[in-house]
Structure formats: structure tokens, C-alpha cells
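Single-structure report; data block below.
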Amino acid sequence: MSNYVIISAYQNAPLEEQYDFGEEDYIACADGGFDHAISSGIRPDIVIGDFDSCSVTEDYLHSLGIAVKRFDPIKDDTDTLLCVRHALAHGFENIVIIGGLGGSFDHTFANIQTLSFLADMEVGARIETESETVYILAGDTVKVGPAARQGSKNASITITGKEGQHFSVFSYEERTSGVYIEGAKYELHDSVLTHSYPIGARNEFLAAGEATIKAGYGRLLITVSK
């Protein structure tokens, strides 16, 4: 199935510099994301949100043949999360969020939490910006007792980049154990990362341009510089 691509309302670069759009991508704009889509010559399939930042009306969108899902501004979900729920309801298994990082910190963190929500749903997801790609890697739920390491799904991801290009790995929970970083300048083997010590910051790709990251229990936030 094609990617479900969400264009967020905050962008710091033209969309085409952040993501290589495919003909089969389903494109959803989170409210004001529509303005960025139009300025980049991209026609979305749907606009979703409370319309507090979109510069055009529902009627105008309908006249273009673009679907609209409008919500009351008094709501629990962010506009990006509303797009995510729409994607899940329609069976999409790979979601790409474009932008949404680097503006106000609350919106940035909300979008990272949305990525974590998608990890809960076991859906492939990432955030793409001009300068980085962001992933959440979810291992098993942390357990206590002698059987703690039994049955771990040992989640893993392989990331790519040029020699010397940076990537970082942070614990997105209080404690993430069974962490491996292989094929990078600085490796880890069955290590523990915590949410209060950034030992995984600013690692580097080697000449092979490929690194594998694994997590046993807990959750990792991974950023790859472009």
C-alpha cells in the first residue's frame, strides 16, 4: 500500500526539499498544511483539521475536488493526530509526517508524541524535515523480575547515511535496555539508555553508510541528519 503523507502546518523549507513524493502517495494536509502544499504545487487528497490556520474555505477546497474533514477547535487531538487517525481508519500501514519540527516547542513535542502513538499502533512511521529524519523504535514493555528478558521482540531498524553523517539515539522512556548500535563509529552492546543522560547523541556513519539499532525493552527516539 502507498504511503499516507501528512503535510503539517509548520514547515521551514519547501516540501520537495524534504520528501520525494510518489505518484501513489495519499496526501493529507493538517489544516494550514494546505497552504504549504499549494505553494509547492502539490494537490492533496484531503484537508483535515479545525481550520484555524488554513487560508481557504471548505467551499473552495470542495470546488477543487479536495475532500475535507472539519473538526470543532475544542478537541483532544492535534490536527496531525486527526490525520493519523484517518490514516489508520483507512488501513494505511506506513505514515510519513512532513515538517512539524522546529517551530513552537509544544507543537514539536506533540508531533514526536504522535510518532510514539504510531509505534503503539505498530505502524511504520517517520517524520521528515529538510535537515533530519526522525523515528521511534519500540521494544517490549519494560518488565520486572528474572523473566524480564524472556520473549523480547528485540526490535531493530537499519538506517543509512554518508560517511561522517550524524545520527542520534535517545531513550524515549525512563529506561530502555538491551540497546545495540552496530556498524557506527560509536557502538553499544546490550546497553541501557535513560531519559536523563544523552549518551547516544551525535554518533556517525562509517564508510559502509549503514548502522543497525536494536532495543530489547523500552523505546528509542532516533534522529538521522540529512
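Read the figures in this text as sums done on the coordinates, not as results from a lab. Being a predicted model, the structure only gives us computed values, none of them experimental. Using ideal geometry, Cβ is built from the backbone for each residue, glycine included, and neighbour counts are taken over all protein chains shown.
By other beta-carbon atoms within 10 Å, ranking 196, 131 with the fewest at the front produces 196, 131. Ordered by the count of other Cβ atoms within 10 Å of each Cβ, fewest first, 4, 26, 197 give 197, 26, 4. For the chain, the Cβ-based charge dipole about the Cα centre amounts to some 860 debye (Lys, Arg positive; Asp, Glu negative; other atoms uncharged). Considering only 71, 28, 12, and ranking their Cα positions along the charge dipole of region 1-84 that arises from unit charges at the beta-carbon of Lys, Arg, Asp and Glu, the one farthest toward the positive end is 71. How high is the relative contact order of the chain, in percent, counting Cα pairs under 8 Å that sit 6 or more residues apart? The value is 18 percent.
Remark: the residue 180-residue 141 segment gains 12.3 nm on full extension, using 0.36 nm per residue and subtracting the alpha carbon distance. Taking a ≥ b ≥ c as the square roots of the eigenvalues of the Cα gyration tensor, an a/c ratio of 1.5 or more together with a/b larger than b/c marks region 136-225 as prolate. Which of rounded, prolate, oblate describes region 4-130, given a ≥ b ≥ c as roots of the alpha-carbon gyration tensor eigenvalues and a/c under 1.5 marking rounded, otherwise prolate only if a/b is larger than b/c? It comes out rounded by the Cα gyration axes. Rounded to the nearest 5, what % of DSSP beta bridges with both residues in region 136-225 are antiparallel? Taking every DSSP beta bridge with both residues in region 136-225, the antiparallel ones total about 95 percent. Take the Cα radius of gyration of region 57-110 and divide it by 2.2 N^0.38 Å, N being the number of residues; the result is 1.33. With an a/c value of 1.5 or above and a/b larger than b/c for the gyration tensor axes a ≥ b ≥ c computed over the alpha-carbon atoms, region 184-226 is described as prolate. Against the chain, whose longest principal axis is taken from its Cα atoms, helix 79-89 shows a tilt of about 80°. Among 202, 126, 219, a tally of other beta-carbon atoms within 10 Å of each Cβ gives an order, fewest to most, of 202, 126, 219.
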